[in-house]
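The values are calculated or read from the model by the stated rules, or taken from the named source; none is laboratory data. Bear in mind that the values here come from a model prediction, so they are computed numbers and not experimental data. All Cβ positions, glycine included, derive from the backbone under ideal geometry; neighbour counts span all protein chains shown. Just so you know, the surface numbers come from the protein's heavy atoms only, side chains and all, with ligands and any DNA or RNA stripped out. Shrake-Rupley method; radii C 1.70, N 1.55, O 1.52, S 1.80 Å.
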Amino acid sequence: MVDGTAVVYGATGVYETPVVYDVVPDSGNVDVTNWLVELDRIEEQLDADQLPDLPSAERSLSDSIAATEAYFQRSSNPDNYAAWMRYLDLDPLKTAIADEESIATRGRAAVALRSQMRGVERGLELIAMRQLRETLDQYITALRYSNPKRGLQLIERQLDGLRDLLAPEPNDDGVSSKDGEEGGDQSPAASPVHSWRDWDVEELATVEMLLEGLATVGQAKSLATDIRSRFSQPNLYVWVDGSVVTQAVTRPVNNPNDVNDCILGTRLRGQAQVTGNVTGQLLPQEGYVRLLIRMDGQFTTSTRGFRKPITLDSTGVGPVYAARQLAITEKGIVLGQTIATADLSTQIRRINHPLKIVRKIAMRKALEAKPEAERISRGRLQQRVLEGFDEETAQAATREFPDFDAVMRPWLLRLDFPPLTRTIGSTEQAVFVRAKMQRSLGFSTSTTPPSLSGLFSSTPGGVTPGGYAATVQVHQSLIDTTLGKLLAGETYTRQRIERIAEVLGAKLDERPSDEDPFEIDFANFRPVYVEADDQTLKLGIRGTRFAQGDRELKRPIEVSATYRLVIGPGNEMWMVRDPEVKLSFSGSRRLTISQTAIKTNIEESFDRLFPQELLHRKLQIPTTIAMPALAGKQVKIKAIDLTDGWISIAVR
C-alpha cells in the first residue's frame, strides 16, 4: 500500500515484500532420441490403406442416425420426437450422403450437426446421442483424410511439426537453438535433449493438437501416450482449512443427570454432571477424510447413600474421555469404534445416624468398601460415557451427502467434457481435493501448484493454517480441456448465448437497444485461453470471422485483456484490467474501410465483454448452509496468486 491507496502488482509491478520460492530442480529434461526415432518409423511405414475408410465411416454414421431416430420414436411422445428432429436437423447430412455430394458439402453438414451435439440441452447426455456424436467425429475425420495423397501429406506435415518442437533445428554452429542458451550443452554431438519447460503455452498446445490429430488416424499412439503421461498431473486442487471442519463439530458439554443407582447394596441418589468440550482433530489420510472427534470432560457427583440404619453423603470427581474416528467419503460417513475412559475419586463427606458408635463403625466399613465401590462406579461411568458418545456421534452417519456425480455427470456428457477424476483426503491441517480433467488424447499439466505458504497474499507470510477458510487452485489447462474444446470452430450468436444463459439460470446484462446482433466464428486452435504467470492473468479469444449487422470481418482475429493484482487499503485483494484491450489480426493485408469500421465496433464490444475488475465483489455464504459455523458469513479474498499456469484464490 502506498499513501493509503491500492497498489497494482504484476510482471512490472511493485512488491512490498518479495515472495521467495524454493528452487525446484528441472525434472523436465527428457532424452527425446527415442521419440524422434519413433517419428521416423511412423513416416517410413505410412500406408494409404491405413487411413480411415470413408465408406465404412459413412455406413456407421447412417446406422447411428437411424438408431437415434428410432430411439426417440420409441422412447418419447410425438411432440418430443418432432422437437428433437427439429433441433438436430438431420436431413441436410442425410441428403448429402444419399446424393453422394462433394466432400466439402458433406463436411459442412457434418460439422453443423456436430455443433448441435454438444451443448446445454437436456437429453444430449443420452447414450444414443453420445454414440451419434462419436460416429460423427469418426466420419469427419474420414472426410478429412478421404483423399489418400493429401491425407498422407497432412500426416507428414504433422510429423514435421512434432520434430520441430521436440528437437529444434541446430543453428549455424551445429548447436540447437535452445541448447545454445546459457547453461545448455553446446556440444554438436550431444543427444537431442528437450525440456518441457522450454515449451511455451502455444508450443505445448501445438504438441497436444498434433499428437491428437495423429492418434485419431491410428498414428503415433504410443508416442502420444508417452508424452501425455508427462502432462497428467491433477489440474484442480481445493483446500479447506482444518479449523473450518473442526469448528463444525466443536461444542461445549454440560450434561446434568439424576443419580439413582445401587452399589454394593447401597442405594445412591443425587445429581451428577459432565462438563467439558467436544473437539475435532484431522488426521492424515489419502482417499477419504479422517476425523477424530473427542470429548474431554470432568465428571462431578453429589449423592446420598441409603443403607439401613444409616445414610451416607459423598462427592466424587474425575476426568472422562471419549473418542471416535470418522471416515468421511463422498458417499457418506463410516463410523469407527468408540473408546472411552473414566476415572473417579470419591470422598465421604458425612455419615448420618444419631449414635456416634454407629457412625464410627459405618465409616470404617465404608472406607473398607470404598476401593471396590470406586472400581464399580468407574466401570459404570465409563460405560455410560461410551454409550452416550456412541449414540451422539452415530447421528453423523445418518447425514445424507449430495451425489456429486449424479449432478455433474449429465452436464459433462452433454458438453462432451471428460470425467472429473478426483481423490479426497486430509492432513493434520486441512481437507483437500485433488482432481483432474483430461481428455483421452489431451494434456493436463506437468507441474504442481505453489504451496499455500508461498501464495501472494494481502498480508506477509502467504496462507497459513487458521488464516483462511478455503483455497482453490486451478491450472489453465482445465480451460483448454473444457471451454477450449467446446468452442473450437463453433459459431456463436447473441441468441445462442442467451439460450445457454436461460438453461443455466444465469442473467445477462441488457443489450443496448441500438446495438446490432453479432456473430463470431471461433478459431479451431485455442479459441479461448487463460494464461497465468508473473502475477498477471491474460484472457484471450480467437476468431476467424466477426459479423455485426450487415458488416463482416473475415480475418483471423485475436482479442486479449491483461489483469493485474491489486491490494486495497483494507488488505482486500482483487484484479484490475489494463486500460487497453489488445486486438490483433493475422496477415499483412491492410484493412478495408468497412473492415476498419467493424474493427472499431469489435474493440467497443470486447471492451464491454472483459470487465474492468475481477473478484472485487464480496460474497455472502447462504444462511441455509449445513455448517452453522459458516452460515451467513461474508467471504473475503485472502490471497490471489498467478504463477506458472496456476490460478490460486484463498478466501477467509
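Kindly report the accessible area of the range 192-291 per residue (heavy atoms of protein chains, probe 1.4 Å, no ligands, DNA or RNA), in Å².
47
List the residue ranges in the chain for DSSP H helices whose C-alpha atoms run 18 angstrom or more along the long axis and whose Kyte-Doolittle average is -0.5 or above.
In the chain, the long hydrophobic H runs are 54-75, 103-117, 127-144, 201-215, 593-609.
Can you compute the label reach from ASN260? Point 7 Å from Cα along the Cβ direction, backbone N cut-off under 18 Å, restricted to the range 302-330.
Counting backbone N atoms under 18 Å from the label point, the list is 302-307.
How much length is gained on full extension from ARG364 to ALA501, taking 0.36 nm per residue of separation minus their Cα-Cα distance?
Gain on stretching ARG364 to ALA501: 40.8 nm.
Describe numerically, in nm with one decimal, the distance between label points set 7 Å from Cα along Cα→Cβ at ASP53 and at LEU583.
Going from the ASP53 label point to the LEU583 one covers 5.1 nm.
Given H placed 1.01 Å from N in the peptide plane, which residues other than close sequence neighbours of GLU490 have an amide H under 5 Å from its amide H?
For GLU490, whose amide H was placed from the backbone, the distant partners under 5 Å are PHE522.
5 Å is the cut-off here: which amide hydrogens, built 1.01 Å from N in the peptide plane, fall below it relative to VAL259, excluding neighbours closer than 5 in sequence?
Those qualifying (amide H under 5 Å, at least 5 residues apart or on another chain) are GLY270, GLN271, ALA272.
Put +1 on the Cβ of every Lys and Arg and -1 on every Asp and Glu Cβ in the chain; which of LEU344, SER115, THR311 then has its Cα farthest towards the positive end of the dipole?
THR311
Could you report the range 393-533's accessible area per residue, 1.4 Å probe, as an integer in Å²?
49
Once amide H atoms are built 1.01 Å from N in the peptide plane, which residues 5 or more positions from ARG555, or in another chain, come under 5 Å H to H?
PHE546
What list of whole percents do you get for P(r) of the range 312-455, with Cα-Cα distances grouped in 10 Å bins up to the one holding the largest distance?
9, 20, 19, 15, 12, 10, 7, 5, 2, 0
Counting only Cα atoms, I'd like the Rg/Rh figure for the chain, Kirkwood definition for Rh.
That ratio equals 1.13.
With a 1.4 Å probe and every protein chain left in place, work out the accessible area per residue of the range 61-119 in Å², rounded to a whole number.
54
For the range 261-380, restrict the atom set to alpha-carbon positions and state the Rg and Dmax in Å.
20.5, 70
Please report the orientation-averaged projected area of the range 28-146, defined via the convex hull of its C-alpha atoms, in nm².
Reported value for the Cα convex hull: 10.6 nm².
If the viscosity is 0.890 mPa s and the temperature 25 °C, what translational diffusion coefficient in µm²/s does Stokes-Einstein give for the range 360-519 when Rh comes from Kirkwood over Cα pairs?
In µm²/s, the coefficient rounds to 107.
Across the range 280-296, in residue order, what do the Karplus-derived ³J(HN,Hα) couplings come to in whole Hz, using 6.51 cos²θ - 1.76 cosθ + 1.60 with θ = phi - 60° and x for Gly and Pro?
x, 9, 6, 10, x, 6, 10, x, 7, 8, 9, 10, 9, 9, 9, 10, 10
If you take the charge dipole of the range 55-144 about its Cα centre, with +1 on Lys and Arg Cβ and -1 on Asp and Glu Cβ, which of SER102, ALA70, LEU136 is farthest toward its positive end?
Value: LEU136.
Per residue Cα convex hull volume for the range 279-344, in cubic angstrom?
103
If packing is taken as the mean number of other Cβ atoms within 10 Å per residue, what is the order of 353-362, 81-90, highest first?
Descending packing order for the listed peptides: 81-90, 353-362.
What GluC sites (Glu not before Pro) does the range 388-469 have in DSSP loop regions with at most 13 other beta carbons within 10 Å?
Answer by residue number: GLU400, GLU428.
Under the rule of -39500 (n - 2.57) per DSSP H run of 4 or more residues, summed and divided by the residues of the chain, what mean residue ellipticity at 222 nm is obtained, to the nearest 500 deg cm²/dmol?
Calculated from helices alone, the mean residue ellipticity at 222 nm is -11000 deg cm²/dmol.
Using a 1.4 angstrom probe on heavy atoms only, work out the carbon and sulfur share of the accessible area of the chain in %.
Roughly 52 percent of what the probe reaches on the chain is carbon or sulfur.
Please turn the phi angles of the range 469-485 into ³J(HN,Hα) values with the Karplus equation 6.51 cos²θ - 1.76 cosθ + 1.60 (θ = phi - 60°), one per residue in order, whole Hz, x for glycine and proline.
Rounded to whole hertz, the list is 9, 8, 9, 10, 10, 10, 8, 4, 5, 5, 5, 4, 5, 9, 5, x, 6.
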